[in-house]
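Q: This structure is in structure tokens; I'll ask about it shortly.
What follows is calculated from the coordinates using simple rules that are stated; it is not laboratory data. Here the structure is a predicted model, which is why all the values come from computation and not from measurement. Neighbour counts run over all protein chains shown; Cβ positions are idealised from the backbone, glycine included.
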Amino acid sequence: MDARELADALPDGVVVADADGAVVLVSTLAGRMLGVDPDASLGLPLGDVLTLSNTEGQTWAEANRPYDTLRTVTGTPEQAWLLPDGTEVLVVSTIRRPSLDGPVDQISISLRSGRGRKRLDRERSDLVATVAHELRSPLTGVKGFVQALLNRWDKLNDDQKKLMLKTVASDSDRLSRLIAELLDVARIDTGRLQLYPRGSDAAVLVTRVVESVRSATSRPIELHVAGGVEGGTEDELEIHADPDKFTQVVTNLVENAVRHGDGVVTVTLGACPDDPAQVLLVVEDHGEGIPTELRQRVFTKFWKHGARGGSGLGLYIVGGLTQAHGGSVRIADAETGGARIEVTWPRDQPAT
């Protein structure tokens, strides 16, 4: 396989010039991107073949002057350039010298489509817009009520002041939780999630979550533990978990069911019938359910279904935290027609 065939096998376009600035190789992809004939380009000056320009009208060779750089320079970092048809490409180069004090004897330039970066930029813009929207809503409430308290303190009675302060406290908690969720998402993405697992009573943790969510909603929530009614555990359902992270998983699932479902939310906790080494948590609602074709997408960041709000991070965090503990999450259909989310969690520490 010669050099041209090797260059054609690469996912990026490649242009190579020799010590005199003459082109010695143009891959097929590079020729197509630059609008030149790879064979007819051989021997031409690099500037005539590498027909790239920036927003100031400079060519790549004029802006980077690869043959006149300091002897310690070994290449140029990734830069955005425009092809003759206006399409953006990402360009990086390698400058080779036979020795540190010798002249340049070869320059290799790689060209990659800029569509991937544009997609990443759009995703980042969507992320910023989503975060800004989610932060602005509770922050507006906090600012509004605080301003009202400052301006009308003497005109408000104690009950009105108490109601406003409760609302401020609630919105502040919502802000704190959203920030914590964003931090958890970043840690899950980068593999820096810190866990402090230990033996924990799942029944106690789930009961606390259900009682907390009940106090903040009028939606009825039923809890069944170990096959009995709430409070009727047959034995301790101990799991190996970071109790704070397990609580976060249960909270996200129950609040999600309350937000998107209708009628009664049912939470069931017991030993997994298929695997005694696992505990099974099931959360069911009476909503519209989740279509089969969407069930994998619900665990992606900022995925939303329906018009009932939320940050779109809850199920992504549920999946990340559960998998980090060696558990699993599955979505099915509830008998009521709503969504049924099953979480299995290991009782013992996974073998290393």
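Q: Looking at Ala271, Asn256, Ser200, which one has the Cα that reaches farthest to the positive end of the dipole of the chain (charges on Cβ: Lys, Arg +1; Asp, Glu -1)?
A: So the residue furthest toward the plus end is Asn256.
Q: Based only on other Cβ atoms within 10 Å, what is the fewest-to-most ordering of Val146, Val329, Val15? Display every interim value, and only then the final one.
A: Working: Val146 13, Val329 21, Val15 29.
Ranking Val146, Val329, Val15 by Cβ neighbours within 10 Å, fewest first, gives Val146, Val329, Val15.
Q: Using packing as a proxy for protection, rank 204-215, 83-94 so that the peptide with the highest average count of other Cβ atoms within 10 Å comes first. Provide the component values of the computation, followed by the final result.
A: Values: 204-215: 17.1, 83-94: 15.2.
Descending mean neighbour count gives 204-215, 83-94.
Q: Let me ask something else. Assuming 0.36 nm per residue, please report the length gained on full extension of the stretch Asp39 to Leu183 beyond their Cα-Cα distance. Each step should come with its number before you reach the end.
A: On the way: separation 144, 0.36 × 144 = 51.84 nm, distance 5.27 nm.
Result for the pair: 46.6 nm of gain on full extension.
Q: What distance in nm separates the simple spin-label points at Thr51 and Tyr196, each placed 7 Å from Cα in the Cβ direction?
A: Each label point lies 7 Å from its Cα, and together they span 6.4 nm.
Q: Once a ≥ b ≥ c are taken as the square roots of the eigenvalues of the Cα gyration tensor of the stretch 3-113, is the result rounded (a/c under 1.5), prolate (a/b larger than b/c) or oblate (a/b not larger than b/c)?
A: Note, shape of the stretch 3-113 comes out oblate.
Q: Work out the FRET efficiency for Glu5 and Ala332 from their Cβ-Cβ distance, taking R0 = 45 Å, and round it to the nearest 0.05.
A: 0.30
Q: For a quick check of your reading of the filter: which GluC sites (Glu not before Pro) in the stretch 1-65 sit in a DSSP loop and have no more than 10 other Cβ atoms within 10 Å?
A: Working: sites: Glu5, Glu56, Glu62; in loops: Glu56.
Here the GluC sites (Glu not before Pro) that fit, given the DSSP loop and packing criteria, are Glu56.
Q: At a Förster radius of 45 Å, what calculated FRET efficiency corresponds to the Cβ-Cβ distance of Ser215 and Ala132, to the nearest 0.05?
A: For Ser215 and Ala132, the calculated efficiency is 0.90.
Q: Run the quick spin-label model on Val92 and His224: label points 7 Å from Cα toward the beta carbon, then report their separation in nm to one decimal.
A: Each label point is offset 7 Å from its Cα along the Cβ direction, giving 5.6 nm.
Q: Here's another thing I want to ask about it. Gain in length, Gln106 to Trp153, computed as 0.36 nm per residue apart minus the alpha-carbon separation, to one decimal in nm?
A: Result for the pair: 9.3 nm of gain on full extension.
Q: Run the quick spin-label model on Glu293 and Tyr67: label points 7 Å from Cα toward the beta carbon, then report their separation in nm to one decimal.
A: 5.8
Q: Right, here's the next one. Among the trypsin sites (Lys or Arg not before Pro) within the stretch 11-99, which fall in a DSSP loop and have no more than 14 other Cβ atoms within 10 Å of their own Cβ?
A: Arg71
Q: For Leu25, enumerate residues with amide H under 5 Å from its amide H, sequence gap 5+ or separate chain, H modeled in the peptide plane.
A: Here Val16 satisfy the definition.
Q: Continuing with this model, one more query. In percent, how large is the relative contact order of the chain, given Cα pairs closer than 8 Å and 6 or more residues apart? Walk me through the numbers on the way to the answer.
A: Details: 575 pairs, mean separation 36.2, N = 352.
Computed value for the chain: 10 percent relative contact order.
Q: Which one of Ala334, Ala80, Ala271 has the biggest mean-square fluctuation once the chain is modelled by GNM with Cα springs under 10 Å?
A: Ala80
Q: Here is a follow-up. Taking the Cα centre of the chain as the origin, how large is its charge dipole in debye, to the nearest 20, when only Lys and Arg (+1) and Asp and Glu (-1) carry charge on their Cβ atoms?
A: 1280
Q: For the chain, what is one quarter of the convex hull surface built on the Cα atoms, given in nm²?
A: 28.7
Q: Also: Considering the chain as a Gaussian network with a 10 Å cut-off on Cα pairs, which listed residue, Asp101, Asp262, Asp48, attains the greatest mean-square fluctuation?
A: Asp101
Q: Expressed as an acute angle from 0 to 90° and rounded to the nearest 10, what is the orientation of the C-alpha long axis of helix 158-190 relative to the principal long axis of the chain?
A: Value to nearest ten degrees: 40.
Q: Shape of the stretch 136-280 from its Cα gyration tensor (a ≥ b ≥ c, root eigenvalues): rounded if a/c is under 1.5, otherwise prolate when a/b > b/c, or oblate?
A: Prolate is the answer for the stretch 136-280, as a/c is 1.5 or above and a/b outweighs b/c.
Q: Compute the relative contact order of the stretch 198-346 as a whole-number percentage, counting only Cα pairs closer than 8 Å that sit 6 or more residues apart in sequence. Write down the numbers at each step before the final one.
A: Numbers: 290 pairs, mean separation 34.7, N = 149.
Relative contact order of the stretch 198-346: 23 percent.
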